[in-house]
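The values are calculated or read from the model by the stated rules, or taken from the named source; none is laboratory data. Computed from a predicted model, the values in this text were never measured in an experiment. Here Cβ is always computed from backbone atoms with ideal geometry, including for glycine, and neighbour counts include all displayed protein chains. In case anyone asks, the SASA skips ligands and DNA or RNA and just uses the protein heavy atoms, side chains included. Shrake-Rupley method; radii C 1.70, N 1.55, O 1.52, S 1.80 Å.
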Amino acid sequence: MIINNNLKAKYWVTFFIVIFSIISIITLYSASISFSGNQIFSKQIIWYLIGFMIIFFTSNFNCKKILNISIILYGLINILLFLLLIFGTEINGSKCWFLIPGVGSFQPSEFAKIILILTNAKVFEWFSKKYPKRNFKDDVKLFLIIMLIAIIPSFLTFLEPDTGMVIIYFLISFVMLFAFGIRKSIFIVIIILILILIFTFLYYYFNYEDSFINTFGTSFFYRIDRLLDWSNKNGMQLTNAITAIKSAGIFGFGIGNTPIYIPESHTDFIFSVYASNFGLIGTIIFLAVLLAFDFTLFKLAEKTKDKNYRFIIIGFLAMIIYQQIQNISMNVGLLPITGITLPFISYGGSSLLSYILFIALIINYNKSIHDGV
């Protein structure tokens, strides 16, 4: 019965990806008609077609073997993140992308999230074998190892700069550690230390502005200033996004009709475009689809007896749920604008393909378990 339920969940996961592709393409079509350029939605179609081909052609591949090379992948992605600082193409003040002629841009940090999840799962597997009966000292050791794994790509990504991605790296690591079951007292101590650090940092920021700028630089000062100023609901992005959502009414303005200009409507503010097009009813349906997708993945993690598979799904869930909450909340003014996109919906070949590669891994890892591979 469990096997049948898991196989059904596999098809449900694929079904949700199809639904997301439709929503993404339609919404990007609306954004491109209004402001973003006609190539946006057509490129997204290509990325989705490539993604579905990946799912199809990896259907007989034993994805469990990927865990065995996760450490190698971790090393390679960190090398790419380092090279990005030297050879990356600067866009809007950030070096987050390699520009590939004839293909487009490639963002290594999107794939770093996925590789981080796999690396953590592999470390958990190794640690469980080496320390079958863990004590407090062993849990501290594991915590430090996982934090070190997160710090290296975080430091390189922070220099791009991309603060939002750094938050995701650490969130993934903390949630996976919590799921692994290390002692709660470690988290309590870490949370207290983080709060003290934040308080000290903000005190320095508010009371010694000139010294802060000299220490951290003007760019970092304004990044913090933007985060802290979100509650004032200032800025054209947020003002127009909220106006577009509020004015949409129950049924919205319809596909292709986004009467209010929203900067970055195809990435950070894609949710505002969707809400403007489909109104309150459409937004409720969309949120229900997101919850159903997340719940399906959660049930897969809950029912499996394979611990690696469970940790992989939990890491992925931590990532996408945070991005869903952060993106939608910043669109309606509940959270700061951090440049976090909406998974499977926002435009972006790197992010979309990284998510679909992981979905293929989840589906086919599940199949490998049932086939006894």
*Computed [θ] at 222 nm, deg cm²/dmol, the chain (DSSP H ≥ 4; -39,500 (n - 2.57); rounded to nearest 500)*: -24500 deg cm²/dmol
*asked:* Pick from 166, 103, 273 the residue whose mean-square fluctuation is largest in a GNM of the chain, springs joining Cα atoms under 10 Å.
replied: 103
*Ignoring ligands, DNA and RNA, how do 117, 192, 213 rank by accessible area with a 1.4 Å probe, largest first?*
192, 213, 117
*Write down, largest first, the equivalent ellipsoid semi-axes of the chain in whole Å, where each equals the square root of 5 times an eigenvalue of the alpha-carbon gyration tensor.*
32, 29, 20
*Sorted by accessible area (1.4 Å probe), largest first, how do 58, 200 line up?*
200, 58
*Taking only Cα atoms and a 10 Å spring cutoff, compute GNM fluctuations for the chain and point out the largest among 144, 159, 177.*
144
*List every residue whose amide H lies under 5 Å from the amide H of residue 97, counting only residues 5 or more places away in sequence or on a different chain, with H placed 1.01 Å from N in the peptide plane.*
89
*Structure shown: which of 64/137; 113/303; 10/129; 141/305; 130/307; 10/305 lie over 20 Å apart, alpha-carbon to alpha-carbon?*
64/137; 113/303; 10/129; 141/305
_Förster radius 51 Å - calculated FRET efficiency between residue 202 and residue 60 (Cβ-Cβ, nearest 0.05)_ = 0.45
*Taking the Cα centre of the chain as the origin, how large is its charge dipole in debye, to the nearest 20, when only Lys and Arg (+1) and Asp and Glu (-1) carry charge on their Cβ atoms?*
1540
*asked:* Ignoring ligands, DNA and RNA, please state the percent of accessible area on the stretch 293-373 from carbon and sulfur, probe 1.4 Å.
replied: 66
*Tally Lys and Arg at +1 and Asp and Glu at -1 over the other residues with C-beta under 14 Å from the C-beta of residue 135: what net charge comes out?*
+4
*Cβ-defined net charge surrounding residue 267, 14 Å radius [Lys, Arg +1; Asp, Glu -1]*: -3
*Would you tally the net charge around residue 353, using a Cβ to Cβ cut-off of less than 15 Å, leaving residue 353 out, and scoring K and R as +1, D and E as -1?*
+1
*asked:* Rolling a 1.4 Å sphere over the protein heavy atoms, what is the accessible area per residue of the stretch 269-360, to the nearest Å²?
replied: 30
*Would you kindly find the accessible area of residue 182, with a 1.4 Å probe and non-protein molecules such as ligands, DNA and RNA excluded, rounding to the nearest 10 Å²?*
0
*asked:* Which order do you get for 222, 48 if you rank them by accessible area with a 1.4 Å probe, largest at the top?
replied: 222, 48
*Find how many whole Å separate the alpha carbon centroid of the stretch 307-343 from the alpha carbon centroid of the stretch 127-170.*
19
*Specify the residue with the greatest mean-square fluctuation among 141, 303, 130, computed from a Gaussian network of the chain linking alpha-carbon atoms under 10 Å apart.*
130
